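*Asks:* Questions regarding the structure given below will be posed in turn.
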Amino acid sequence: MSFKDHILSSFIALENEADTNSYIHNLRSEALNDFEKMGIPQLKEEAYKYTSLKKFFNKDYNFFPKNETSISYADIKKYLVHQIDAYRVIFIDGIYSSHLSQTTHDKFDVCLMSSALNNVKYTSVIEEYYNQLATKDGLTSLNTAFAKEGAYIHIGKNIAVEKPIEIVYFSTGTEAELMIQPRNLVVVGENSQVQIIERHQSLSDNAVLTNSVTEIFAAKRALVDWYKIQNDNLNASLLDHTFVEQTDNSEVRVHTFSFGGKMTRNNLNFYQRGEHCESVLNGVTIIEGKQHVDHSTLVHHTAPNCESFQEYKQIFDERAVGVFNGKVLVDKIAQKINAYQQNNNILVSDTSTINAKPQLEIFADDVRCSHGCTIGQLDEEALFYMQARGIPKKEARALLMFAFANSVLESVKIPEIKSRITKLIAMKLGVEIGFDL
C-alpha cells in the first residue's frame with residue numbers, strides 16, 4: 001500500500017468517529033484534498049533542497065495509538081522544567097493525560113484543542129483563528145486533516161500570566177510505527193503577557209515521527225515568550241511548523257534549542273501586521289553523529305516602523321548536517337524597519353556539513369536591513385592560550401563553544417530554562433562544567 005493510500009484509509013477511519021462536527025469535517029476534507037495535490041515536499045523544491053523526507057514517509061504509520069501504557073509523574077519528571085510552578089498540558093502518544101496536566105479555565109483558557117473544536121463556547125474564536133495562518137503545503141495539510149489533539153491557549157485582554165505554560169508531547173513507542181499530529185492554537189489578547197515552553201520527547205528507543213503545527217496570534221501590545229526544547233532520542237524525528245501573527249506594538253520571541261533527534265525541521269514564520277512590532281528568533285544547535293537539523297525562517301514585514309532580530313548559533317560534529325534558510329521579506333509599505341539576521345556556525349570535524357542561505361527581499365527604500373553568515377572552526381590560538389594556563393583541552397573546547405553560543409542564552413528570561421539549557425550544552429559537549437559564570 002502506498003503512503004497516500006494508507007493516508008486515505010486512515011482518514012476514512014477518522015471521519016467515522018461520531019464526535020466530528022460539520023465544520024471540522026469540511027476543514028479536514030479540504031486539507032486532505034490539498035495534501036493529495038501537493039504531497040510530501042521533495043528535494044527538487046528549493047525549501048527542502050538539503051532535507052530529504054522520502055525515507056520518513058514510506059511506512060504505514062499508526063495515526064491513532066491506543067495509549068495503553070500507564071505513565072506516572074516519576075517517568076516524566078526529569079523532562080519538565082519542574083523547578084517552577086507551571087501550568088502543564090501533557091500528552092502521551094498524542095492523547096491528553098489529565099492526571100499529569102494542570103490546566104485552567106479561570107481568568108484565561110489553558111486547555112485542549114479537542115474541547116475548543118467541539119465546544120460552542122469557543123466556536124467564534126476557532127472560526128476566526130484556527131487554520132487561518134498556517135501556510136498550505138503537504139505537511140501542514142496532513143496535520144490539519146489528522147490533528148485530533150493539542151493545546152488551546154486563549155488569554156484575554158490585560159492579563160499577565162504569572163506562571164509559565166508547559167506543552168509537552170511524550171511518545172511511549174508502544175506502536176511500531178507511530179506518527180503524531182499535534183495542533184496548537186495560542187491567542188494572546190491586548191496588553192497581555194505569557195511564557196510558554198514546548199517539548200516533544202520519546203520515552204523509548206522506538207521510532208516516532210511528529211508533524212506539529214502551532215499558530216500564535218499576538219494582539220496589540222501583547223508579549224509572548226516561547227521556548228522550544230528539542231533534545232529527543234536518536235530514533236525520533238520532528239517536523240515543526242510555527243506561524244506567528246503580530247499586530248501593533250506586540251513583541252514575540254521564539255527561542256529554539258536543538259540538541260537531539262534523528263531529524264529536526266523547524267519552519268518558523270512571522271507575519272507583522274501592525275506598526276511597532278518586534279520579532280525575535282533565536283536558536284542554538286549542537287548536534288553530532290548523523291543528526292540533521294534544518295532551520296527555515298521567514299519574517300514578513302508588512303507594516304512600517306517595526307523590528308526583527310534573528311540570531312542562530314550552531315555547532316556540528318562528526319557527520320552531522322545543518323541547514324539554515326533564513327528569509328526577511330520587506331513590503332513596499334514597510335518603511336523605516338530594522339531587520340537583523342545572523343547565522344554563525346562551527347564545524348568541529350571535517351566531515352560535518354552546514355548549508356546556509358540567508359536571504360533579504362526588500363521592496364522599501366527607507367530601511368535598515370543586514371544579514372550575515374559565518375562558517376569556521378574553533379580558534380586554535382585561543383585553545384592553545386587556555387591550555388597553556390592549565391585548562392585541559394576538552395574543557396577548553398567546551399568553554400569556547402559555550403562562549404560562542406552565550407549571546408543567544410542571554411536572551412532567555414526564565415532562569416530555570418537557562419539553567420536547564422546550560423546543563424544540556426555541558427552534557428552535549430561531554431564535560432562537567434558549571435556554566436553559571
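The values are calculated or read from the model by the stated rules, or taken from the named source; none is laboratory data. In this text the structure is predicted, and so the values were computed from the model without any measurement. Reconstructed Cβ throughout: ideal geometry from the backbone, glycine too, with neighbour counts over all protein chains shown. Ligands, DNA and RNA are stripped out before the accessible areas are found, and what is left, the full protein with its side chains, is counted by its heavy atoms. Shrake-Rupley method; radii C 1.70, N 1.55, O 1.52, S 1.80 Å.
*Asks:* Net charge within 13 Å of Lys327 by Cβ-Cβ distance, Lys/Arg positive one each and Asp/Glu negative one each, not counting Lys327 itself? Before the final figure, lay out each step's value.
*Replies:* Numbers: positive: Lys357; negative: Glu46, Glu361.
Once positives and negatives cancel, what remains is -1.
*Asks:* Given H placed 1.01 Å from N in the peptide plane, which residues other than close sequence neighbours of Thr264 have an amide H under 5 Å from its amide H?
*Replies:* Hits under the 5 Å cutoff: Leu238, His292, Val293, Asp294.
*Asks:* Which one of Lys357, Lys136, Lys107 has the biggest mean-square fluctuation once the chain is modelled by GNM with Cα springs under 10 Å?
*Replies:* Answer for the Gaussian network model of the chain: Lys107.
*Asks:* Using θ = phi - 60° and the Karplus relation 6.51 cos²θ - 1.76 cosθ + 1.60, list the HN-Hα couplings for the range 24-40 in order, rounded to whole Hz, with x at every Gly or Pro.
*Replies:* 5, 4, 5, 5, 5, 5, 5, 5, 5, 4, 5, 5, 4, 6, 9, x, 7
*Asks:* Turning to a different aspect of this structure: Of the accessible area of the chain, with the probe set at 1.4 angstrom, what percent is carbon plus sulfur? Write out the running numbers ahead of the final one.
*Replies:* Working: 8760 of 18230 Å².
That fraction is 48 percent.
*Asks:* Treating only the Cβ of Lys, Arg, Asp and Glu as charged (+1, +1, -1, -1), what charge dipole size does the chain show about its Cα centre? Round to the nearest 20 debye. Mind dumping the intermediate values first?
*Replies:* Details: 44 positive and 55 negative charges, 115 e Å.
Dipole of the chain, to the nearest 20 debye: 560 debye.
*Asks:* How large is the Rg to Rh ratio of the range 256-385 when both quantities use alpha carbon positions and Rh follows Kirkwood? Walk me through the numbers on the way to the answer.
*Replies:* Values: Rg = 16.3 Å, Rh = 15.5 Å.
In the range 256-385, Rg relative to Rh is 1.05.
*Asks:* Now, a different point. Separation of the range 192-228 and the range 32-49 by C-alpha centroid, Å?
*Replies:* The distance from the Cα centre of the range 192-228 to that of the range 32-49 comes to 24 Å.
*Asks:* Where the centroid of each part is defined by its Cα atoms, how far is the range 130-191 from the range 363-437 in Å?
*Replies:* So the separation of the two Cα centres works out to 31 Å.
*Asks:* Let me ask something else about it. Please list Asp5, Asp232 in order of solvent-accessible area, largest first, computed with a 1.4 Å probe with all protein chains present. Working shown, then result.
*Replies:* On the way: Asp5 85, Asp232 30 Å².
Ranked from most to least accessible, the order is Asp5, Asp232.
*Asks:* Stokes-Einstein at 37 °C, 0.692 mPa s, Kirkwood radius from Cα pairs: D for the range 165-308 in µm² s⁻¹? Let's see the in-between values first.
*Replies:* Numbers: Rh = 15.7 Å.
Rounded, D is 209 µm²/s.
*Asks:* A follow-up question, please. Provide the gained length on full extension for the span Thr374 to Ser70, in nm with one decimal, where the gain is 0.36 nm per separating residue minus the Cα-Cα distance. Working shown, then result.
*Replies:* Numbers: separation 304, 0.36 × 304 = 109.44 nm, distance 4.73 nm.
My answer for the length gained is 104.7 nm.
*Asks:* Would you work out the relative contact order for the chain, in percent, from Cα pairs under 8 angstrom that are 6 or more residues apart? Each step should come with its number before you reach the end.
*Replies:* Numbers: 1054 pairs, mean separation 40.9, N = 437.
So the answer I get is 9 percent.
*Asks:* In addition: Amide H neighbours of Val187 under 5 Å, counting only residues 5+ apart in sequence or on other chains, H built in-plane at 1.01 Å?
*Replies:* Answer set, sorted by chain and number: Ile153, His154, Ile155, Phe217.
*Asks:* Could you work out the relative contact order of the range 116-254, using alpha carbon pairs under 8 angstrom and six or more residues apart, expressed as a whole percent? Working shown, then result.
*Replies:* Details: 319 pairs, mean separation 33.0, N = 139.
About 24 percent, as a whole number.
*Asks:* Taking every DSSP beta bridge with both residues inside the chain, roughly what % is antiparallel (nearest 5)? All intermediate terms of the calculation are to be shown ahead of the outcome.
*Replies:* Working: 8 of 137 bridges.
Approximately 5 percent, going by the DSSP bridge assignments.
*Asks:* Sequence gap at least 6, Cα distance under 8 Å: using those rules, report the relative contact order of the range 269-381 to the nearest whole percent.
*Replies:* Numbers: 315 pairs, mean separation 29.2, N = 113.
Taking the mean separation of contacting Cα pairs over the length of the range 269-381, I get 26 percent.
*Asks:* Same structure, new question: May I ask you to evaluate 6.51 cos²θ - 1.76 cosθ + 1.60, the Karplus curve with θ = phi - 60°, for each residue of the range 194-207 and list the ³J(HN,Hα) values in order in whole Hz, giving x for glycine and proline?
*Replies:* Once rounded to whole Hz, the list reads 7, 10, 10, 10, 10, 8, 10, 9, 8, 9, 9, 8, 6, 5.
*Asks:* Another question, if that's okay. Could you tell me what % of all Cα pairs in the range 220-273 have separations over 18 Å? Let's see the in-between values first.
*Replies:* Numbers: 574 of 1431 pairs.
In whole percent, the share of Cα-Cα pairs in the range 220-273 beyond 18 Å is 40.
*Asks:* What's the long-distance tail for the range 60-149, i.e. % of Cα pairs beyond 18 Å?
*Replies:* Details: 2356 of 4005 pairs.
Of all Cα-Cα distances in the range 60-149, 59 percent exceed 18 Å.
*Asks:* What number comes out for accessible area per residue over the chain if the probe is 1.4 Å? Units Å², please. Present the calculation step by step, with values, prior to reporting the outcome.
*Replies:* Values: 18230 Å² over 437 residues.
Per-residue accessible area for the chain comes out at 42 Å².
*Asks:* Okay, moving on. Given the convex hull of the Cα atoms of the range 1-142, what is a quarter of its surface area in nm²? Please list the in-between numbers first.
*Replies:* Values: hull surface 47.2 nm².
So the Cα hull casts an average projection of 11.8 nm².
*Asks:* Past 20 Å, Cα to Cα, is the threshold; run Lys220/Lys327; Lys313/Lys428; Lys393/Lys428; Lys262/Lys413 against it and keep the listed order.
*Replies:* Details: Lys220/Lys327 25 Å; Lys313/Lys428 15 Å; Lys393/Lys428 16 Å; Lys262/Lys413 29 Å.
Result: Lys220/Lys327; Lys262/Lys413 exceed 20 Å.
*Asks:* Same structure again: What residues have an amide H closer than 5 Å to that of Ile180, excluding those fewer than 5 places away on the same chain, when H is modeled at 1.01 Å from N in the peptide plane?
*Replies:* Leu209, Thr210, Asn211
*Asks:* When we measure straight from the Cα of Lys332, which aspartates and glutamates land under 16 angstrom away, once same-chain ones fewer than 8 places off are left out?
*Replies:* Counting by Cα, and skipping residues close in sequence, Lys332 has these aspartates and glutamates nearby: Glu275, Glu307, Glu361, Asp365, Asp366.
*Asks:* Could I ask something else about it? State the extension gain, in nm to one decimal, for the chain segment bounded by Asn338 and Lys59, taking 0.36 nm per residue of separation less the distance between their alpha-carbons.
*Replies:* Values: separation 279, 0.36 × 279 = 100.44 nm, distance 4.52 nm.
So the chain would gain 95.9 nm between Asn338 and Lys59.
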